[in-house]
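To start, the structure under review is shown below, and the notes come after it.
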Amino acid sequence: MIIGVPKEIKNNENRVALTPAGAKELVKRGHTVYVQHNAGEGSGFTDAHYTLAGALVLASIEEVYGVAEMIIKVKEPIEPEYKLIKEGQLLFTYFHFASYEPLTKAMIASKAVCLAYETVEKTDRSLPLLVPMSEVAGRMAIQKGANYLEKPLGGRGILLGGVPGVLPAKVLILGGGIVGTQAAWMAAGLGADVTIMDVSLQRMRYLADVMPANVKTMMSNEYNIREMIKDADLIVGAVLIPGAKAPHLITQDMLKDMKQGAVVVDVAVDQGGCIETCKPTTHENPTYVIEGVVHYCVANMPGAVPYTSTLALTNATLPYAIQLADKGWKKAAQENPELIPGLNIINGDIVFEGVAQAFNAPYVPVNKYLED
Ligand SMILES: NC(=O)c1ccc[n+]([C@@H]2O[C@H](COP(=O)([O-])OP(=O)(O)OC[C@H]3O[C@@H](n4cnc5c(N)ncnc54)[C@H](O)[C@@H]3O)[C@@H](O)[C@H]2O)c1
């Protein structure tokens, strides 16, 4: 198959969808890989790295879209790319269709095959191509929180791990899923006093088993949260209710009970945030202060560490990309049911029910396209 890897053109996006190692795997299997000039630059991969791996470098994005049967990307196509997409072309990338109607309409009009990273789903209902970015964001939340707790950055001037003779900081993590677990490992490793709150007893039993002694678990409810925030130095928002907005577990009036200079890192900002006063910020301007509490609410945290994020993402996407390249999307989906929910739009039809519902648009069951 002919595979194209364009350079991401969305503002501040430095990740790339295929590493030189990934290109080598595909080339080894007889596929042709075209990479746009400087596509890997932001993640630390030069054109020469790709050429050595057997890929071919093309000067322009037009040439990459023009030649490829399958486009592998990171972010959803943006307006200037719409006209480059060809009928029947397979696009394998994050789309998040339900949140943006113009993109959905453009992909319907293109008659391309849109396979979305975010809806590829394993039989245990986990989302293997979302997990890596949650892992990155969870680990980063503590790094950022520790940083903003420093006095010159507006924090209360406390070191997460304390020192001998001085108590460590208290870290409260709301939600013990992927983000919360990774945050807890990092905070615990630095010696902080960590509490994870969740509503799932089963999840907390697991966490209590695997976490070190400086991590405790506690049922998430309003009473407990009101008590815990009084003492917290750093709070990480990591709640997710699939398909819904995050619940506001900390309301504006509760901020008054918190310590001056405490820090909130609301990773769940992309779902509206679990702190009422959370509003999306950027890496250029990541924080603001309300009631003396520093808020860090960057919606694309992994974007700040493109090297790690690119490797983490491509470790997860490459096995699927290989199946798609080897077999074509139809046979690959017939033989691997994990890919079927990834199919969102085919030949102008919305084949993912949630997207059709979001826009009150006609829905065509995907089976129409999977039968021989
Ligand atoms: N800002 C970023 O850059 C970025 C990056 C990656 C992920 N995220 C977001 O982070 C959030 C968490 O993602 P995840 O992968 O960890 O999800 P997850 O599904 O693995 O975990 C969510 C956890 O929240 C728990 N939960 C649900 N309701 C709760 C409540 N009322 N109180 C406490 N816990 C509750 C669930 O039981 C679950 O354990 C999502 O909104 C995700 O989109 C943001």
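Limited to the stretch 14-54, what total is found for residues that are surrounded by 18 or more Cβ atoms within 10 Å (Cβ to Cβ) and under 24 Å from the mean Cα position of the chain (by Cα)?
So the answer is 16.
Restricting to helices (runs of 4 or more DSSP H) lying wholly in the stretch 73-150: which have 1 or more residues that are over 16 Å from M301 (Cβ atoms), within 20 Å of the chain's Cα centre (by Cα) and touching a residue at least 24 places away in the same chain (Cβ under 8 Å)?
101-110
Could you grab me the full set of residues in the stretch 287-320 that are farther than 30 Å from M70 by Cβ and surrounded by 18 or more Cβ atoms within 10 Å (Cβ to Cβ)?
T287, V293, V294, H295, Y296, C297, V298, listed by residue number.
What number of residues within the stretch 109-121 satisfy the criterion of being buried (at least 17 other Cβ atoms within 10 Å of the Cβ) and either more than 16 Å from the ligand (Cβ to nearest atom) or in the same structural domain as D349 (by TED's automatic domain parsing) (or both)?
Within the stretch 109-121, the subset buried (at least 17 other Cβ atoms within 10 Å of the Cβ) is 110, 112-121.
Adding the requirement that they be either more than 16 Å from the ligand (Cβ to nearest atom) or in the same structural domain as D349 (by TED's automatic domain parsing) (or both) leaves 110, 112-115.
Of the residues in that region, 5 qualify.
Let me confirm something: among G292, G303, G273, which residue is under 21 Å from A98 (Cα atoms) and either more than 17 Å from the chain's Cα centre (by Cα) or within 9 Å of the ligand (Cβ to nearest atom) (or both)? Full working, then the answer.
Numbers: G292 fails: under 21 Å from A98 (Cα atoms); G303 fails: under 21 Å from A98 (Cα atoms).
The unique qualifying residue is G273.
N367: surrounded by 20 or more Cβ atoms within 10 Å (Cβ to Cβ) and away from the ligand (no atom under 16 Å from the Cβ), yes or no?
no
From the list E118, E101, pick out the single residue that is under 16 Å from V355 (Cβ atoms) and in contact with a Leu (Cβ under 6 Å, 6 or more places away or on another chain).
E118
When you check K279 against the structure, is it assigned to a loop (DSSP other than H, G, I, E, B) and under 29 Å from E13 (Cα atoms), yes or no?
Details: assigned to a loop (DSSP other than H, G, I, E, B): yes; under 29 Å from E13 (Cα atoms): yes.
Taking the combined requirement at face value, the residue satisfies it.
Would you pick out the residues in the stretch 108-122 that are of a type in the set (D, E) and at pLDDT 95 or above?
Selection gives E121 alone.
Just checking, how many residues over the stretch 156-183 are in a loop (DSSP other than H, G, I, E, B), surrounded by fewer than 22 Cβ atoms within 10 Å (Cβ to Cβ), away from the ligand (no atom under 13 Å from the Cβ) and not basic (K, R)?
8
Quick one: V289 ticks every box in (1) in contact with a Phe, Trp or Tyr (Cβ under 9 Å, 6 or more places away or on another chain); (2) modelled with pLDDT of 95 or more bar one, so which box is it?
(1)
Quick check on A23: is it modelled with pLDDT of 95 or more and of a type in the set (G, A, S)? Show your work before the answer.
Details: modelled with pLDDT of 95 or more: yes; of a type in the set (G, A, S): yes.
Here the answer is yes, as A23 does meet what is asked.
Has the stretch 253-265 got at least one residue that is at pLDDT 95 or above and within 12 Å of the ligand (Cβ to nearest atom)?
yes
What are the residues in the stretch 184-217 that are small (G, A, S) and either more than 19 Å from I241 (Cβ to Cβ) or more than 9 Å from the ligand (Cβ to nearest atom) (or both), if any?
A184, A187, A188, G189, G191, A192, A208, A213
Counting only residues that are in contact (Cβ under 8 Å) with a residue 60 or more places away in the chain and of a type outside the set (G, A, S), which one in the stretch 251-271 is nearest to Y223 (Cα to Cα)?
Checking each candidate, the answer is K259.
Okay, residues lined up against (1) more than 21 Å from V269 (Cβ to Cβ); (2) within 16 Å of the ligand (Cβ to nearest atom); (3) surrounded by fewer than 18 Cβ atoms within 10 Å (Cβ to Cβ):
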residue	(1), (2), (3)
K73	yes, no, no
P80	yes, no, yes
A106	yes, no, no
T123	yes, no, yes
P132	no, yes, no
A137	no, yes, no
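The values are calculated or read from the model by the stated rules, or taken from the named source; none is laboratory data. Every value quoted in this text rests on a predicted model; they were computed, and no experiment measured them. Cβ atoms come from the backbone with ideal geometry, glycine included; neighbour counts cover every protein chain shown.
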